[in-house]
Amino acid sequence: MPVITFGYQDLQDSGVDIDPEKLIEILPMIGSDIEDFDEETVKVEFFPNRPDQLSVEGVARTLKGFLGIEKGLPAYSIKKTSMKVYVDENLAKIRPYISFAIVENIKMDEKKLKQIMEFQEDLHWVIGRDRKKVAIGIHNLDVIEAPFYYKAIDPDSITFTPLDSINEMTPREILQEHEKGVKYASLINGFEKYPLIMDKNHQVLSLPPIINGELTKLTTHTRNVLIDVTGTDLKAVNQALNIIVTSLGETGGNIKSLEVVYPDKTMVTPDLEPKEKVVHLKKAQEITGLDLNLQDMEELLGRSRMDTEIISPEKLKVIIPAYRVDILHEVDLIENIAVSYCFNNIESYLPGIATIARENQWYKVDNLLRDIMVGLGYQEVMSLMLTNEKRHYHYMKQEEDGRVEVAQPISMDRTMIRKSLLNGLMEFLEDNKHEDLPQKIFEVGDVIYLDPDQETQTKVLKKIAAVVTHSHANFTEIKSTVAVFLESLGYEMEIEPLDNPSFIKGRCAGVKAILDESTQISGFFGELGPEVIINFQLEYPVVGFELVFDN
Amino acid sequence: MSKENARIINELHIYEKKVLKALEKSRQSLIPEDIVQSQNLDIKSVMSAAGSLASKGLIKVQKDTDEILSLSPDGETFAREGLPERKLLEILYLQKNIPMKDIGDETGLNPKDVKIGVGWLVRKKWANIDQGVVKITTRGEDSHRTPQIDEKLLHILLEQCKLSSSNLEEELKDGLKLLKSRKGLINFDKITDHTISITKKGQNLLEDGIIIQEEATQLTHHHLKTGKWKNLNYRGYDIQAEYPEFYPGKMHPLRRIMEEIRNIFLNMGFTESRGPILESAFWNFDSLFQPQDHAAREMQDTFYIKNPSTSRLPEEGLVDKVKQVHEDGARTGSEGWCYHWDKDVARQSVLRTHTTCVSARFLKENPPPLKMFSIGRVFRRETITYKHLPEFNQVEGIVAADEVNFRNLLGILKEFYKKLGFEVRFRPAYFPYTYLSIECEIYLEEKESWIELGGAGMFRPEVLEPLGVETPVAAFGLGIERLAMIELGIKDIRMLYKSDIGWLRNLPLKNGINLE
């Protein structure tokens, strides 16, 4: 999740005069997690639904409302210009959307410059899906001239100097050689033509979503900026633009709009027109459980930086600022009411809903099996379900068969989901080979088998396995264990000779116990073969059993 | 009799008593052999009883070590036949001088003995060598009939077989020195003599009276059946003695915590549910209103499956409703996510990333009012470190009813955490499938800080409407391993799955269970 760092002084500059101690107390209540703080700065994590709070100006805007310093919809005036951006029809299949805005009279300094860069990167992540969906470019307006052109160009047809470079390069060369070009190449190198933004004089502003030109680079002397947002999702493109523009507008920047001319339509951006939604009094009362009236709701929504209008004794019209991209539904407004009320002030009580609890049969059986094994003196262990073929099959001398395989394993150690518990127990013994013997351990757990008839094409089976190791561990010991285990469950043990490659030939028994037609337990037990024991680096005999419950 | 003496006497083995009795009778120090005879015991029993009595301070065992001399086979030959220099002297006495080169022929001695003999002739000053001729000295003449001290000792040893080196006469001690300087004639053996005497404490005990009764260590089936126990004394044990280690069978500590949580929910009237571990993206994400381009759905964070790569989607009606709600909010009043929802993306199989899909499935099948919980394994694409595992357990609970509200959700959470032994506080949070979302923080006394443990919220209409649920649903969940680490006081999450058996064996059972 995105993390931003700012100073108490920055907040004060943005109009929030608050004691640092009080700030630390309050920040969590607006929906953030304080990662760290010291005497001058605080580092907070915000949830990804609120990209508008990823700048100090955005945080200040929220805090002003929450603290009642400034309530209601923040006002941003936009001056319309006739500057135009022409969009090439060939971009429709590459990166179809672009929005522009101008912000003038920004008080730029080193700190501000750094904050803008970080804000931009955070937005790339949170809204932009690492630039795939949305990418933002911010340019020095004073070195370029309208109209602007958003074009699909031949990758070799033009050269320009990319940001932080001294050489002119073609777009194709940038993708192959420039650090950022290589990093983001996959976003456009599948297309015949690449997107490019130019000005009237064919000066290159940007090769979105890869890199800007060196020409329009921001410096501490920059006062007026042009912002471009390109992307594959028009809604997200405009949201990102609105969030940046309103954040810059908070500290006095003058916002100007441009006309974006598509082949089939013209749009004026940025469009900061607030959204309207209705919230119902009764619904808010019922869901929050708070004793609210319409006036309370107006006050609380005002503290959430929204304007309201009572349209009936039951309904409130809510006017939502354009930077709030998280409000999808009336329930989100109800949430804002509760947040402004402050969670700390909400008293809890238990619901008066009488229900009778039922245990799940599956887990009930698990516990029964555990009880028996613990009573027999076995220590329960737990293993991960992710394992690998080497340990699951090869070490146990078993043939590979159908299994659940992970598409992108975290490591070659965790490539599949277990079908058996035995190798997990052997690994446990391996990890504990220097500990005192005897060691008697068991696991009750889920394994997954393939089953094309099921919705998920798999089925979960319950297994139990146990192993014993000490210098005299033998067939009789494990046979006694299996027999008493099954007897404790009310089953008779029926056994027959079984050739199982994990076990010494002639020292393995297949076991079956049938309770009724639908329920049966089957499995095997015996003395593990010397190769298997050695594969797990063990030095003493090991005996064990594994049973599966099928019903 | 003092209590202490009574205890000591009770703990005495019958052999120990017999040794004490022997000392009482003789009223003087004894050697073990005396006791063997008088008490009819074997020497091993006497020594072991004496050792044990000495460690209790009841007797004193004095050890005297002595060196015992005996002849080696070579020594025996020399003792019988005379030393080589003696043999040479016999001849020399008659011939007075013999050239070195003729000695072998004249005496019939082998070259080795000739060499030794000549050496000792000179050393004992019985002869000297002048220009290759051995000549007898006056001293040699005098010694002709007189055995020397070393020869005397050899003869005595031949007669007596063994001699204690400490009891030798002074003269013979010098002889021993001479013989010692010749290799391999005499064997030296160390022996230890034990002298046993009673101590004051032992005397004291004897005065109290020790009764020797037939005694037994183990009460046997035979004793009980025959009534023999009536005449037997069962000796008391030293209860502080070492004992063999015995290993318990226990439930895994993480399992105990899962059981604790399970019981809390059952006690609060929640019904337990269970769902697939390998799940379709549809149930894991789409049914929970997570847009198909949501970051959490990326390969980076979620385990997708190579085999079987897809799952079947549920009934068409439900799939359509979910599609609509994603695209434009459908009839929920939501804006939706405004994108084209793709069935194929929903079909992909994943290892479930949370147990919330169990809640969604349960809501589809069961009408409110209801309370449900589920505990189960979930998966995230994390590398294994002390902080993270790619799989862990999660618990999830929901309450669905017409009248359930946000304050109820807080109430249930407070009660739940209280039962776990924690104070809880809440702050706003965000999850794609809830509104009035909260993060729960619990207070840790030992860290004097609040830490995040669990999330909650009300299920969004976009989640509920396609499932056909018309009441509000309060939902909450938490990761169990994190709680377990706090309760068990461990810093490395791997300890739970790659456990040290010693840790599992030694962990007190109260851990993980709130004794309150």
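A few notes on this one:
- Residues whose amide H comes within less than 5 Å of that of A:F6, counting only those at least five positions distant or on another chain, are A:V42, A:V44 (H built at 1.01 Å from N in the peptide plane).
- Per-residue 3J(HN,Hα) values for region A:443-448, derived from phi via the Karplus relation 6.51 cos²θ - 1.76 cosθ + 1.60 with θ = phi - 60°, read 9, 10, x, 8, 10, 10 Hz in sequence order (x marks Gly and Pro).
- Kirkwood hydrodynamic radius of region A:494-536, Cα pairs, Å: 11.3 Å
- Using the Cβ-Cβ distance between A:E405 and A:N345 with R0 = 45 Å, the FRET efficiency computed as 1/(1 + (r/R0)^6) comes to roughly 0.30.
- Peptide B:299-306 - average C-beta neighbours from other chains (10 Å radius): 4
- Taking the charge dipole of region B:170-320 about its Cα centre, with +1 at Lys and Arg Cβ atoms and -1 at Asp and Glu Cβ atoms, the residue from B:T310, B:G175, B:G227 reaching farthest to the positive side is B:G175.
- Other residues whose C-beta falls under 15 angstrom from the C-beta of A:V143 contribute a net charge of -3, scoring Lys and Arg +1 and Asp and Glu -1.
- Entries of B:K371/B:K447; A:K64/A:K235; A:K79/B:K323; A:K364/B:K418; A:K132/B:K364; A:K397/A:K440 with Cα pairs more than 31 Å apart: B:K371/B:K447; A:K79/B:K323; A:K132/B:K364
- Taking the square roots of five times each eigenvalue of the Cα gyration tensor of chain B, the equivalent ellipsoid has semi-axes of 99, 38, 18 Å, listed largest first.
- Percentage relative contact order, chain A, counting C-alpha pairs under 8 Å, at least six apart: 12 percent
- With the convex hull drawn over the C-alpha atoms of region B:441-515, the volume per residue is 157 Å³.
- Residues B:K323, A:K275 in ascending order of nearby Cβ atoms (within 10 Å, fewest first): A:K275, B:K323.
- From the largest down, region A:454-530 spans 46, 29, 21 angstrom on the principal axes of its Cα atoms.
- Set B:K17/B:K60; B:K56/B:K228; B:K112/B:K183 screened for pairs whose C-alpha atoms are more than 23 Å apart: B:K56/B:K228
- Here the spin labels are modelled as points 7 Å beyond Cα on the Cα-Cβ line, and at B:S449 and A:D154 they lie 6.0 nm apart.
- Residues of type lysines that A:K433 reaches as a straight line, Cα spacing below 16 Å, ignoring anything fewer than 8 places off in the same chain: B:K498
- The amide H of A:I18, built 1.01 Å from its N in the peptide plane, has no neighbour under 5 Å, considering only residues 5 or more places off or on other chains.
- Dimensionless Rg over Rh [region A:1-102; C-alpha; Kirkwood]: 1.13
- D (Stokes-Einstein, µm²/s), Kirkwood Cα radius, region B:60-154, 1.002 mPa s at 20 °C: 147 µm²/s
- Along each principal axis, taking the top coordinate minus the bottom one, the Cα set of the protein assembly as shown gives 151, 88, 64 Å in descending order.
- About its Cα centre, the dipole of region A:441-533 is roughly 320 debye, where the only charges are +1 on Lys and Arg Cβ and -1 on Asp and Glu Cβ.
- Only one residue of A:S502, A:T456, A:V484 has its Cα farthest out toward the positive end of the dipole of region A:434-512, where Lys and Arg carry +1 and Asp and Glu -1 on Cβ, and that residue is A:S502.
- Along its three principal directions, the equivalent ellipsoid of region B:373-431 from the Cα gyration tensor extends over semi-axes of 27, 15, 12 Å, largest first.
- Simple point charges give the picture: +1 on the Cβ of Lys and Arg, -1 on the Cβ of Asp and Glu, and for chain A a dipole about the Cα centre of about 1440 debye.
- Length-normalised contact order for chain B - Cα pairs under 8 Å, 6+ apart - percent: 13 percent
- Residues in region B:279-290 carry Karplus couplings, in order, of 10, 6, 4, 4, 6, 6, 10, 4, 5, 9, 6, 8 Hz; the curve used is 6.51 cos²θ - 1.76 cosθ + 1.60 with θ = phi - 60°, and Gly or Pro positions show x.
- Taking every residue in B:247-259 and counting other chain Cβ atoms within 10 Å of its Cβ, the average works out to 5.
- Equivalent-ellipsoid semi-axes of region B:1-111, from the Cα gyration tensor, Å, largest first: 63, 12, 11
- Over region B:1-125, Cα pairs under 8 Å with separation of 6+ residues give a relative contact order of 17 percent.
- Annotation note: GluC sites (Glu not before Pro) in region B:346-414 located in DSSP loop regions with a Cβ neighbour count of at most 15 within 10 Å are B:E382, B:E403.
- Cross-link reach is defined here as a Cα-Cα straight distance under 17 Å, omitting same-chain residues fewer than 8 places apart; for A:K277 the lysines meeting it are A:K315, A:K317.
- Hull volume in cubic angstrom per residue (convex hull over the Cα atoms of region B:216-297): 294 Å³
- Exposure proxy shown here: for B:R352, B:R262, B:R482, B:R139, the number of other Cβ atoms within 10 Å sets the order, fewest to most, as B:R139, B:R482, B:R262, B:R352.
- Ratio Rg/Rh, restricted to region B:1-47 and using Cα atoms, in which Rh is the Kirkwood radius: 1.03
- Calculated SAXS-style log₁₀ I(q)/I(0) at q = 0.17, 0.19 Å⁻¹ - region A:53-92, Debye, Cα scatterers: -0.66, -0.69
- Taken as Cα centroids, region A:171-191 and region A:52-89 sit 33 Å apart, rounded to the nearest whole angstrom.
- Approximating the spin labels as points 7 Å out from Cα along Cα→Cβ, the A:A92-to-A:Q361 distance works out to 5.9 nm.
- Kirkwood Rh and Cα Rg combined as Rg/Rh, region B:164-317: 1.49
- Charge context of A:G523, other residues only, Cβ under 9 angstrom, K/R +1, D/E -1: +1
- Cα point-scatterer Debye curve for region A:144-249, base-10 log of I(q)/I(0) at q = 0.18, 0.24 Å⁻¹: -0.95, -1.44
- Model label points for B:T77 and B:A54, set 7 angstrom from Cα along the Cα-to-Cβ axis, are 4.2 nm apart.
- Diffusion constant of region A:187-324 at 37 °C, which comes from Stokes-Einstein with the Kirkwood Cα-pair radius and 0.692 mPa s, µm²/s: 177 µm²/s
- Cut-off under 5 Å, modelled amide H: who pairs with B:K306 long-range: A:E405, A:V406, A:A407
- Column: log10 I(q)/I(0), Debye, Cα scatterers of chain A, q = 0.06, 0.08 Å⁻¹: -0.53, -0.79
- Count Lys and Arg as plus one, Asp and Glu as minus one, and take only other residues whose Cβ is under 13 Å from that of B:T137; the net charge is then +2.
- Dimensions of region B:384-472 from C-alpha coordinates, computed as largest minus smallest value along each principal axis and given longest first, are 44, 31, 21 Å.
- Computed across region A:306-351, the Kirkwood radius stands at 12.4 Å (inverse of mean 1/r, all Cα pairs).
- Each residue of region B:217-230 was assigned a 3J(HN,Hα) from its phi angle through the Karplus expression (A = 6.51, B = -1.76, C = 1.60, θ = phi - 60°), giving 8, 9, 6, 10, 3, 4, 3, 5, 5, 8, x, 4, 4, 5 Hz with x at Gly and Pro.
- Residue-averaged beta-carbon neighbours from other chains (10 angstrom radius) around B:33-46: 0
A short reminder: the numbers here are calculations on the coordinates, not readings from a lab. All figures in this text were calculated on a predicted structure; none of them were measured in a lab. Positions of Cβ are backbone-derived with ideal geometry, glycine not excepted, and every protein chain shown enters the neighbour counts.
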